[in-house]
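Enquirer: Here it is, the structure, as structure tokens.
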Amino acid sequence: MRYILQPIPHYTSALLTAPHALFTREGGVSKGLFASLNLSYHVGDEVEYVSANRELVRTALAFDRLYAAHQVHGDQILVIEENHPVNQETEGYDALITTVPGTGLLIQQADCQAVLLSCPEQRVVAAVHCGWRGSVLNIINKTVQCLTEQFAVRPETIRAVISPSLGPCCAEFTNYHRELPAWMHAYQVRPHYFNFWAISCRQLEESGILPQHIEVAGLCTRCSRHFFSYRRASAQQNGLTGRNGSVIGLSSPE
């Protein structure tokens, strides 16, 4: 994982050949609790600030257009096609797929994972919002299945990167017996704390992705103040905070 300061602080992975970035909370225009690169319209920030931040992200990655969904912690997948309305967040989707050149896919998160998938053979990319509910629903596998069935992608050719997100150091689930299926209990690293990075790796591998084609950023958003964290904000400011962004897309034709 490589950290880059310009034009906006972000991380990239050598695994992904598609344009992508795992952004920190820094480098934007939002103020106060949302300072500064908040990328969500749904947390109480000023609309014009969020729009400006998204434009900074789009420009930084040289996309013609940037798409996001109004995420709901579900397992529905939206395929972004050429005629999809720009600047419209379709509600109810937590994974995005596209084959359209010049298009970027944005996942908004504050402790949840963004899982970025690149399929270089078929020139298709996907971005998955995966919190614990998404893990229980196995949205990762459903997205890989969609890539396989609709776009003829071979899972062994997919490259996957898991963004900065809640680490095993901070992923506390006091009600895990009720919330998490029994197989996930094996990923408890100490009483009530779970390694969801490892859980996602297992789901990626069970979907057919090779272990050497998976990279975990390994950065905990709760620990690092370079990222927005809902859990940190819940302990300090009633949960009011911004959303980090992770983006992957396809370059415009030259």
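Enquirer: In Å, what is the Rg of the alpha-carbon atoms in region 38-94, and how long is Dmax?
Expert: Just the Cα atoms of region 38-94 yield Rg and Dmax of 12.0, 31 Å.
Enquirer: By its C-alpha gyration tensor, with a ≥ b ≥ c as the square roots of the eigenvalues, how is region 180-227 shaped: rounded for a/c under 1.5, else prolate for a/b larger than b/c, else oblate?
Expert: Note, shape of region 180-227 comes out oblate.
Enquirer: So, one more: Whole Å is fine, so just give me how far the alpha carbon centre of region 126-168 lies from that of region 184-205.
Expert: 16 Å
Enquirer: Would you mind working out the magnitude of the charge dipole of region 2-249 relative to its Cα centre, with +1 at each Lys and Arg C-beta and -1 at each Asp and Glu C-beta, to the nearest 20 Debye?
Expert: Magnitude of the dipole: close to 700 debye.
Enquirer: Given the chain, report the % of alpha carbon pairs whose separation exceeds 35 Å.
Expert: Within the chain, distances greater than 35 Å cover 8 percent of Cα pairs.
Enquirer: Please compute the contact order of the chain in relative form: average sequence separation of alpha-carbon pairs under 8 Å and at least six residues apart, divided by the residue count, as a percent.
Expert: Once divided by the residue count of the chain, the mean separation gives 25 percent.
Enquirer: Another one. Enumerate the calculated ³J(HN,Hα) couplings along region 13-30 in order (Karplus 6.51 cos²θ - 1.76 cosθ + 1.60, θ = phi - 60°), each rounded to whole Hz, writing x wherever the residue is Gly or Pro.
Expert: 10, 5, 5, 9, 8, 6, x, 7, 7, 10, 7, 8, 8, 9, x, x, 10, 5
Enquirer: Going by a ≥ b ≥ c, the root eigenvalues of the Cα gyration tensor, does region 18-57 fall in the rounded group (a/c under 1.5), the prolate group (a/b larger than b/c) or the oblate group?
Expert: Taking the square roots of the gyration eigenvalues as a ≥ b ≥ c, region 18-57 is prolate.
Enquirer: Let me ask something additional. Using Cβ counts within 10 Å as a stand-in for footprinting exposure, how do C169, C112 rank, fewest first?
Expert: Sorted ascending by nearby Cβ count, the order is C169, C112.
Enquirer: Helix-only mean residue ellipticity at 222 nm, the chain, DSSP H runs n ≥ 4 weighted -39,500 (n - 2.57), per residue, nearest 500. What is it?
Expert: -6000 deg cm²/dmol
Bear in mind these aren't lab numbers, they're just calculated from the coordinates by the rules spelled out. Keep in mind it's a predicted model, so treat the numbers as computed, not measured. When we count neighbours, we look across all protein chains shown, and the Cβ atoms used for this are built from the backbone with ideal geometry, even at glycine.
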